[in-house]
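Visitor: Sharing a structure with you now.
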Amino acid sequence: MANKFLEGIKGFFYKLFIGQKEIRLGCYGSPNAGKTTLANKISKEFIGKEVGKVSNVPHETREVVEIEHIEMSNNGKKLTINLVDTPGIATKIDFEDFIKHGIKKKQAKLRAKEATKGIIEAIKWLDKMDVVLVVIDSTLDPYNQVNLTILGNLEARKIPVIIVANKIDLKNANLKRVKEMFPQYEIVGISAKTGKNIEELYKTIFKVSK
């Protein structure tokens, strides 16, 4: 309780002296949609360090990670964010999926347990968010249970959403399909890996964060 109080006081004085708006910006989505790659891109660009490790193995990120006081800038405007990278949301986690990636059974079971715990933690963190980037793999059908569940939870909480259609650098990417499925949301197509169209995402973050 004392630590939370001190954190609150710290945040208050930071905002007071920095003299600009501060928001908590979360990255949510399915495993391997590119959340950590995007979080790393944002963090490296503005403060020069990565948020977490990227891997082709599902659920590489199994804990919520927050990087505080990142000062973003775009077209002369400034915005301070606390950037939050979350574990991939999944409806089912099977330890055998990790074994397929060469992980031994004991370690695979541990990873599955940690991933399940991470998903529960990520959902709890929704209540702390000011704006959420829902990262979608644009090479896959976006109309799935995970994306609908995330968006439904955000809508129920009235949290502003930007859908980030990631991996548009790949040949089978289909940005048009994402826009057709979710016409009611702000949608930006990017490649978190190459940085393609990332400036458009920054503009949209500033727009939605007003």
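Visitor: May I ask you to order 104-110, 84-90, 147-153 by the average number of other C-beta atoms within 10 Å around their residues, highest value first? Walk me through the intermediate numbers first.
Guide: Values: 104-110: 13.0, 84-90: 23.9, 147-153: 17.1.
So the peptides 104-110, 84-90, 147-153, ranked by packing, come out 84-90, 147-153, 104-110.
Visitor: Would you mind listing how long the range 26-208 runs along its three principal axes, going by Cα atoms, in whole Å with the largest first?
Guide: Result for the range 26-208: principal-axis Cα extents of 52, 35, 34 Å.
Visitor: Mind ordering 73-81, 37-45, 189-197 by average Cβ neighbours within 10 Å, highest first? Walk me through the intermediate numbers first.
Guide: Details: 73-81: 14.0, 37-45: 20.6, 189-197: 18.9.
Averaged packing, sorted descending, gives the order 37-45, 189-197, 73-81.
Visitor: Here's something else I'd like to know. Among bridges DSSP assigns within the range 26-208, what percent are antiparallel (round to 5)? Don't skip to the end; give the middle numbers.
Guide: Working: 8 of 24 bridges.
Of all bridge pairs located within the range 26-208, approximately 35 percent are antiparallel.
Just so you know, all these numbers are worked out from the coordinates, no wet-lab data involved. Not measured: the values here are computed from a predicted model. Backbone-built Cβ (ideal geometry, glycine too); neighbour counts: all protein chains shown.
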